[in-house]
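Would you mind keeping the following structure in view while I ask a few things?
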């Protein structure tokens, strides 16, 4: 009975090794099972263009950090005035940085 488990274990170990080797070959050949693409929304782009943290950017816009997070994650949308500020921040990040100085 012990020898049977050993053979089964060896076979499954060998199969696992072959599967891992095949996976490595596929990765090297850039054949992926799935590829995830993340679309960064305008709010994230604006904040990243300034180089500010969420807390700093929220402070610059006079909003809470939580509100900014909701906007960045797409759960809420900024109002018209906030959208204008975000557009300015994205196009001219230096203006936001200057306002903080």
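In a Gaussian network model over the chain where Cα atoms closer than 10 Å are linked, find which of 15, 70, 56 has the largest mean-square fluctuation.
15
Then there is this: Where does each of 63, 38 land when they are ranked from fewest to most other beta-carbon atoms within 10 angstrom?
Fewest to most other Cβ atoms nearby, the residues stand as 38, 63.
Another question, then. Fewest first, what order do 57, 32 take by the number of other Cβ atoms within 10 Å?
Ascending Cβ contact count within 10 Å gives the list 32, 57.
How much length, in nm to one decimal, is gained on full extension between residue 36 and residue 69, taken as 0.36 nm per residue of separation minus their Cα-Cα distance?
That works out to 9.7 nm of additional length.
OK, next. Over the chain, what is the relative contact order in percent, taking alpha-carbon pairs closer than 8 angstrom and at least six residues apart?
Normalised by residue count, the contact order of the chain is 28 percent.
Computed from the coordinates I sent, Rg/Rh (Cα atoms, Kirkwood Rh) equals one of (1) 0.93; (2) 1.44; (3) 1.12. Tell me the label.
(2)
Quick one: angle between helix 80-91 and the longest Cα principal axis of the chain, in degrees between 0 and 90, rounded to 10, please.
It works out to around 70 degrees.
Just need the relative contact order of region 42-100 here, percent rounded to a whole number, with Cα pairs under 8 Å and 6+ apart.
Contact order relative to length: 48 percent.
Please determine, in degrees from 0 to 90 and to the nearest 10, the orientation of helix 2-28 with respect to the longest principal axis defined by the Cα atoms of the chain, where the helix direction is its Cα long axis.
That works out to roughly 40 degrees.
Continuing with this model, one more query. Would you look at the GNM of the chain, springs on alpha carbons closer than 10 Å, and say which of 14, 69, 45 moves the most?
In the Gaussian network model the winner is 14.
Quick one: order 50, 67 by neighbouring beta-carbon count within 10 Å, fewest to most.
Ranked by crowding around the Cβ, least crowded first: 67, 50.
Computed from the coordinates by the stated procedures, all read-outs in this text should not be read as laboratory data. Bear in mind that the values here come from a model prediction, so they are computed numbers and not experimental data. Every residue, glycine as well, gets a Cβ built from its backbone with ideal geometry; the counts of neighbours run over all protein chains shown.
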